[in-house]
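Taking it in order: structure first as structure tokens, then the write-up.
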Amino acid sequence: MKKQDVVRAWGRILQGYAPSLSIEITRECPLRCPGCYAYEPEHLHQIGPLRQLSDFKGQDLVDGILSLVRRHRPLHLSIVGGEPLVRFRELDMLLPQLSEMGVAVQVVTSAVREIPKAWSQIKDLYMVVSVDGLPAEHDVRRKPATYERILKNIAGHSIVVHCTVTNQMAGRAGYLKEFLHFWSERPETRKIWFSLFTPQKGAQGEEILPPSERAEALREMKALRAEFPKLDLPDIMLKGYNLPPQNPEDCIFARTTLNVTADLKSKITPCQFGGDPDCSQCGCVASAGLNGVGDFRLFGLIPLRRIFKASDQIGKINQKLFGATVS
């Protein structure tokens, strides 16, 4: 995160606003990926499963999202799902308007359908394509969003490749290097992000990384940075992975991001994962980056996390006094 972005974000906190907004734009997704947190029964708590939620289409969806953005005035908007490209016609209307409003937008997609060529010209739009490992594993997990389809649908775009590392990947020697080699050679790849699979508390599953595998995966990623410059993994992010927050209250990302689900009114808490995530095993790329920033010491003395917490308290007071709408 750039220094000016940190300053702007704290300014928004002081005013009582969330600097970042994340919206599950639709309940629909043609994929059935194992371990997908959005479709876990506990994701939305008492609201109910995402697939049974009422959502919006057409102009109602466009107007609803623009209303949320005007109300909360985020610096950054993440559009997630479900699968956002299910609503590509609405996004085609929405994305240019958000760009004109000066909002940086990140669309997180499986690239199951073609990304419109015109989107490559939209200012401050970032396409993040989720890839679950190499073709042999990915194509089974993410069908119909197979490698063949992804490569066809991203042609002509500049994308961020995002891979969530699971125990199956970490347990095979050389797997991450092979993945980096494939995607680093693609002209469409601007950068590559790795997350680590984040389970819910008490969950059991083959995707979950044991502590030893998690530590080894991080050591391997660190060693691979010199060979693969497109791997976006600065030291401050590595520190965030190695020292994850122990609860949502200690997570800067959770506290600065307002997560809204597909009905455009219900909040996802305590963070984008919903449910009851095991923060001690957090592998979220955004959380790792921001928590690493929080541990930076201003003038070598004061942790930025302490300044953030003070700003957060002032922002909440401003919210009560002047009606800023973060809640």
Legend entry - So Ser54, is it of a type in the set (Gly, Ala, Ser) and under 26 Å from Tyr39 (Cβ atoms): yes
Inset, instruction - Scan the stretch 29-61 for residues that are surrounded by 16 or more Cβ atoms within 10 Å (Cβ to Cβ), of a type in the set (D, E, K, R) and farther than 23 Å from Ile208 by Cα and jot them down. - result: Asp55
Inset, instruction - Report yes if Lys177 is part of a helix (DSSP H, G or I) and either touching a residue at least 12 places away in the same chain (Cβ under 8 Å) or basic (Lys, Arg) (or both), otherwise no. - result: yes
Legend entry - Yes/no for Ile236 being under 24 Å from Val129 (Cα atoms), of a type in the set (Val, Ile, Thr) and assigned to a helix (DSSP H, G or I): yes
Legend entry - Top-ranked residue of the stretch 254-274 - restricted to ones that are without any contact (Cβ under 8 Å) to a residue 60 or more places away in the chain and of a type outside the set (A, V, I, L, M), ranked as nearest to Ala173 (Cα to Cα): Cys271
Inset, instruction - Residues being under 22 Å from the mean Cα position of the chain (by Cα) and either at positive phi or among the hydrophobic types (A, V, I, L, M, F, W, C) (or both): count how many of those fall in the stretch 160-198. - result: 15
Inset, instruction - Kindly list, by first and then second residue, each pair from a residue in the stretch 208-222 that is under 18 Å from Cys279 (Cα atoms) to a residue that is of a type outside the set (A, V, I, L, M) and in a loop (DSSP other than H, G, I, E, B), limited to pairs with Cβ atoms under 8 Å and residues at least 6 apart or on different chains. - result: Ile208/Thr166; Ile208/Phe197; Ile208/Pro199; Leu209/Thr166; Leu209/Phe197; Leu209/Gly283; Glu213/Gly171; Arg214/Gly283
Legend entry - Any hit, the stretch 160-177, residues being within 13 Å of Glu220 (Cβ to Cβ), in contact with an Asp or Glu (Cβ under 7 Å, 6 or more places away or on another chain), at pLDDT below 95 and of a type outside the set (Lys, Arg): yes
Inset, instruction - Would you please list the contacts, defined by Cβ atoms under 7 Å and residues six or more apart or on different chains, that run from a residue in the stretch 117-128 that is touching a residue at least 24 places away in the same chain (Cβ under 8 Å) to a residue that is among the aromatic types (Phe, Trp, Tyr) and surrounded by 14 or more Cβ atoms within 10 Å (Cβ to Cβ)? - result: Leu125/Trp119
Legend entry - Identity of the residue in the stretch 107-119, under 20 Å from the mean Cα position of the chain (by Cα) and not in a loop (DSSP other than H, G, I, E, B), that ends up surrounded by the fewest Cβ atoms within 10 Å (Cβ to Cβ): Trp119
Inset, instruction - Only residues that are buried (at least 22 other Cβ atoms within 10 Å of the Cβ), at pLDDT below 50 and either β-branched (Val, Ile, Thr) or over 25 Å from Ile252 (Cβ atoms) (or both): list them for the stretch 1-28, please. - result: Ile13
Inset, instruction - For Ser78, indicate whether it is at pLDDT 95 or above and in a helix (DSSP H, G or I). - result: no
Inset, instruction - Look at Ile208 and say whether it is among the β-branched types (Val, Ile, Thr) and more than 23 Å from Glu40 (Cα to Cα). - result: no
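The values are calculated or read from the model by the stated rules, or taken from the named source; none is laboratory data. Worth saying up front: this structure is predicted, and the values here are computed from it rather than measured. Don't worry about glycine lacking a Cβ; one is built from the backbone with ideal geometry, like all the others, and counts go over all protein chains shown.
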